[in-house]
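Visitor: One structure is given below, represented as C-alpha cells, and several questions about it will come after.
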Amino acid sequence: MKIVDATTVVTSPGRNFVTLKLTTDDGVTGLGDATLNGRELAVAGYLTEHVAPLLTGLDPHRIEDTWQYLYRGAYWRRGPVTMAAVAAVDVALWDIKAKAAGLPLYQLLGGASRERVRTYGHADGRDLPELLDSVRARLAEGYSAVRIQSGIPGLKAVYGVHGTDATGASVPHQRARPLVEDWDTDAYLRHTPAVFEAVRAEFGPELPLLHDAHHRLSPIQAARLAKDLEPYRPFWLEDCTPAENQEALRLVRRHSTTPLAVGEVFNTVYDYQTLITEQLIDYVRSAVTHFGGLTPLRKLVDLAAPYQIRSAFHGPEDISPVGMAAAIHLDLAVHNFGIQEYAGHTPLTEAVFRHAYTFTDGHLHPGEAPGLGVELDEELAAAHPYAPAYLPVNRLRDGSVHDW
Ligand code: CS2
Ligand code: MG
C-alpha cells in the first residue's frame, strides 16, 4: 500500500477547519484534523507546501516512522503550527490502518477500557442568572459535569462568556481583526469565589464544577484562587497560570488541594516534563490535533499514568469532528482516562463532517465504523470557503495586552 495523494481542505461551515485527506493506491482514504484556531492558513500552508510532497510514495502503515520523519526531519521541531500539521498526518495514517484492518480505531489502541466516555460541557453567563440558566441547559442536555465561566462586574467582555466585545457590541465569530476583550485580575479574583458559591447554592455540593482561568494569573494569584475555591470543591481549576514556566505550579501546589488541569496550548511532552514528574498537575489537556497526533498523545498519557495523572483532552468547537473522533477513540482505550471536553458542533459542521461517534446522556462513544468513523463531504466543504477569523486579544484597564 502506498500514499498517492495528500490534499488539504480548508472549509468554514460557520468557523474555519483544516483537514488533511490522504489517499492510498488501493483507494483507502484517511482524514486528519489540522485546525489551529486563528492561524488555520499557516498550518494549511505547512501541509500543502512542505509535507504533502514528502508523503506520496510512503507506506501508510509505517505510522511511527512517518511521525519521526516529519518531527525530526523538519529540524525546526515543536510549536503549534508544525505539530498540528504532523498531527493531521498521524491521525490520517491511523484512520487508514484501521480501515484496512476493518476495525474501529480504538481496537488498534488496545481495545475498550470502558463502555463510554464521560464529558463535560460549557456553561457561561454575563451575570449569575444567565450562568445558572446555562448550567440548567447543560444538565438538560445530559452533561454530568459543567465548566462555569462568568462575566465580571465592571468588565464588558471576558473569556468564555458569549456575545460582546469590550465596547459592548455583539460580535460575529468571523471577523477580519481580533475582538478586544477587557480584563481586571483583582475584580476576577474577588468575583469568582462568589460565582462558585452561587452555583453550589443552586445545584448542590455534588455537581462536578470546572473552571478555566485561561492563563491569566500570576503564580501567587493562581494560588490565591485555588485556595479560595477549595470550600466549593472544584473538579479542577484549568490553566491557572501560564504553564510554560512549569515550576510556577510548585507554588500553587504548596497552597492548595484544588485539582489542576493544564496543557491545551502544549504540543510536545517536553512542555509537561516537570509538571508530570513532580506531580504538579492532575489532568493533561492537550488535543490530538495540537499535540502531534494520536501517536505522541498516547505516549504522554502513558507517561502520566504512574503519577496518577489522568487525560482530559481539549474538545471545544474549534477541534473539528475529525479531531474529536480521534480523541474519543483514545478516550475509550486508555486506562487513565479522566474526562473529555465536548462543546459539540453546529448541524452544518456535522453535515460537512459526518461522524459515527454519538453523544448520549452526557457520554460519547466512537462507534464501530472502521477507522475514525468520519467522512468529509468535500462538495459541501467547498461551498463554505475560509473566512478570516481571529481569537480575541485581551487588554487591561491601562490598555496593555494581557493573556487571553
Ligand atoms: C478553552 C478553549 O475549551 C477550553 O478549555 O481554553 O475554548 C480555547 O479558548 C480555544 O480552544 C481557543 O481556540
Ligand atoms: Mg482551556
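Here, each number is a calculation from the coordinates, and none is a lab measurement. It should be emphasised that the depicted structure is a prediction, and the values quoted were computed from it without experimental measurement. Neighbour counts are summed over all protein chains in view; Cβ atoms, including those assigned to glycine, are modelled from backbone coordinates with ideal geometry.
Visitor: With label points built 7 Å along Cα→Cβ from the Cα atoms of Ile220 and Glu379, find their separation and express it in nm.
Guide: Between Ile220 and Glu379, the simple spin-label model gives 6.4 nm.
Visitor: Take the eigenvalues of the Cα gyration tensor for the chain, scale each by 5, and report the square roots as semi-axes in whole Å, largest first.
Guide: Equivalent ellipsoid semi-axes, largest first: 34, 23, 21 Å.
Visitor: Another question, then. In what sequence, highest mean first, do 115-126, 135-146, 69-80 appear when ranked by Cβ atoms within 10 angstrom?
Guide: Highest-to-lowest ranking by the protection proxy: 115-126, 135-146, 69-80.
Visitor: For the range 3-103, what number results from the quotient of the Cα radius of gyration and 2.2 N^0.38 Å?
Guide: 1.01
Visitor: Pop out the ³J(HN,Hα) list for the range 341-358 in order, Karplus 6.51 cos²θ - 1.76 cosθ + 1.60 with θ = phi - 60°, rounded to Hz; leave Gly and Pro as x.
Guide: 6, 9, 8, x, 9, 6, x, 5, 4, 6, 6, 6, 10, 6, 10, 8, 5, 10
Visitor: Follow-up question, since we're still on this one. With each label point set 7 Å from Cα along the Cα-Cβ vector, what nm distance links Arg62 and Glu244?
Guide: Roughly 3.5 nm, to one decimal.
Visitor: Does anyone have the angle between helix 185-203 and the longest principal axis of the chain? Alpha-carbon axes, 0 to 90°, nearest 10?
Guide: Value to nearest ten degrees: 90.
Visitor: Right, next: If I take every Cα pair under 8 Å that is 6 or more residues apart in the chain, average their sequence separation and divide by the length, what percent do I get for the relative contact order?
Guide: Worked out over the chain, it gives 22 percent.
Visitor: Please list, in order along the range 204-218, the HN-Hα scalar couplings obtained from phi with the Karplus expression 6.51 cos²θ - 1.76 cosθ + 1.60 (θ = phi - 60°), rounded to whole Hz, x for Gly and Pro.
Guide: x, x, 9, 4, x, 10, 10, 8, 10, 7, 6, 6, 9, 10, 6
Visitor: Under the Karplus relation 6.51 cos²θ - 1.76 cosθ + 1.60, θ = phi - 60°, what is the ordered set of whole-Hz ³J(HN,Hα) values for the range 231-238, x standing for Gly and Pro?
Guide: Ordered by residue, 3J(HN,Hα) equals x, 9, 6, x, 5, 6, 10, 9 Hz.
Visitor: Now, a different point. Can you list residues whose amide H is under 5 Å from Asp5's amide H, if they're 5+ apart or on another chain and H is modeled 1.01 Å from N?
Guide: Thr23
Visitor: Sticking with this one: Taking amide hydrogens as modeled 1.01 Å from N in the peptide plane, which residues meet the under 5 Å criterion relative to Arg395, leaving out close sequence neighbours?
Guide: Glu181, Asp182, Trp183, His402
Visitor: Then there's this: Among Ala88, Ala222, Ala100, which one shows the highest mean-square fluctuation when the chain is modelled as a Gaussian network with alpha-carbon springs under 10 Å?
Guide: Of the options given, Ala100 has the highest mean-square fluctuation.
Visitor: Cut-off 10 angstrom, C-alpha nodes, Gaussian network model of the chain. Which of Thr258, Thr29, Thr185 fluctuates the most?
Guide: Taking springs between Cα atoms under 10 Å, the residue moving most is Thr185.
Visitor: How large is the convex hull of the Cα atoms of the range 107-246 per residue, expressed in Å³ as a whole number?
Guide: It comes to 175 Å³ per residue, whole-number rounded.
Visitor: Now, a different point. Taking R0 as 25 Å, what's the FRET efficiency between Tyr386 and Asp361 from their Cβ-Cβ distance, rounded to 0.05?
Guide: 0.10
Visitor: Ok, one more. So which GluC sites (Glu not before Pro) in the range 308-398 are both in a DSSP loop and have at most 16 other Cβ atoms within 10 Å of their Cβ?
Guide: When the GluC sites (Glu not before Pro) of the range 308-398 are filtered for loop state and at most 16 Cβ neighbours within 10 Å, Glu368 remain.
Visitor: What residues qualify as long-range amide H neighbours of Arg147, i.e. H under 5 Å apart, gap of 5 or more or another chain, H built at 1.01 Å from N?
Guide: When sequence neighbours closer than 5 places are left aside, the close amide H contacts are Gly121, His122, Ala123, Leu210.
Visitor: Right, something else. Which percent, to the nearest 5, of DSSP beta bridges fully inside the chain are antiparallel?
Guide: 50
Visitor: Another question about this same structure. Using 0.36 nm times the number of residues separating Ala187 and Arg200, minus their current alpha carbon distance, what extension gain do you get?
Guide: 2.6 nm
Visitor: Are any of the pairs Lys21/Lys97; Lys21/Lys299; Lys2/Lys97; Lys99/Lys299 more than 21 Å apart by Cα-Cα distance, and if so, which?
Guide: Cα-Cα > 21 Å for Lys21/Lys299; Lys99/Lys299; rest within.
Visitor: Quick one: check the C-alpha center-to-center distance for the range 50-123 versus the range 127-148, whole angstrom.
Guide: 34
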